[in-house]
Amino acid sequence: MTAIEQATSEFLAGKRVAVTGVSRSPKDHGGNVVYKRLRERGYEVFAVNPNAEEVEGDPCYHDLHSIPGGVDGVVIATRPEHAEGTVRECAELGIEHVWMHRGPGGGSVSPSAADYGRQQGMTVIDGGCPCMFGPTADFGHKAMRAVLTLGGRVPRHV
């Protein structure tokens, strides 16, 4: 098992990141929060939503295969039942770093998708949020990380 700090550091070292499930009507949707934070922190981010052409003022891709030049990692911010399809697409594309978003709500974690990804040799972070770690973190997300780690919603190891 890999400590969460190492797994998140390796994920955030990649500078091209796709975020699936970014919404056309963002409000406080977790995927949009992550997308904007990564973009603000200098990452090259790609919104993925099969039903959108544009999200947050940027082009949106219908799937991971459509992203020119590929990505280093993928944040899954869809409903859990869609996570396994995304992880399978990551496997097809050779993407080794996957993060299934989960904050205080239901989140995107699918145990079967996480198991499949790990069987394929991927590092799968099954919980938490990139905004809670490293260069993308802010005070509020760090506090949320502490509380959610105690409650088991942010893993200690992946």
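The values are calculated or read from the model by the stated rules, or taken from the named source; none is laboratory data. All figures in this text were calculated on a predicted structure; none of them were measured in a lab. Don't worry about glycine lacking a Cβ; one is built from the backbone with ideal geometry, like all the others, and counts go over all protein chains shown. Remember, those area values only see protein heavy atoms, side chains included, never the ligands or the DNA or RNA. Shrake-Rupley method; radii C 1.70, N 1.55, O 1.52, S 1.80 Å.
Descriptive notes on the structure:
- In terms of the mean number of neighbouring beta-carbon atoms within 10 Å, the peptides 72-85, 114-127 order highest first as 72-85, 114-127.
- Relative protection proxy for 60-69, 2-11, from highest mean packing down: 2-11, 60-69 (other beta-carbon atoms within 10 angstrom).
- With contributions of -39500 (n - 2.57) from each DSSP H run of at least four residues, the per-residue ellipticity at 222 nm computed over the chain stands at -10000 deg cm²/dmol.
- Protection proxy ranking of 18-26, 89-97, by the mean of other Cβ atoms within 10 Å over each peptide's residues and highest first, is 18-26, 89-97.
- Gyration tensor (alpha-carbon) shape descriptor, the chain, a/c threshold 1.5: rounded
- Summing Lys and Arg as +1 and Asp and Glu as -1 over all other residues whose Cβ lies under 12 Å from the Cβ of ARG153 gives a net charge of +2.
- The chain - charge dipole about Cα centre, Lys and Arg +1 at Cβ, Asp and Glu -1, debye rounded to 20: 560
- Each of PHE139 and GLU92 was given a label point 7 Å from its Cα along the Cα-to-Cβ line. The distance between the two points is 4.5 nm.
- Other residues with beta-carbon under 11 Å from the beta-carbon of CYS131 carry, at +1 per Lys or Arg and -1 per Asp or Glu, a net charge of +3.
- Cα centroid separation, region 113-158 to region 60-97 (Å): 17
- By accessible area with a 1.4 Å probe, ligands and nucleic acids excluded, highest first: order of HIS29, HIS101, HIS157: HIS157, HIS29, HIS101
- Beta-bridge orientation, the chain: approximately 15 percent antiparallel, per DSSP, counting only bridges with both partners inside.
- Estimated at the nearest 10 Å², the accessible area of LYS36 is 70 Å² with a 1.4 Å probe.
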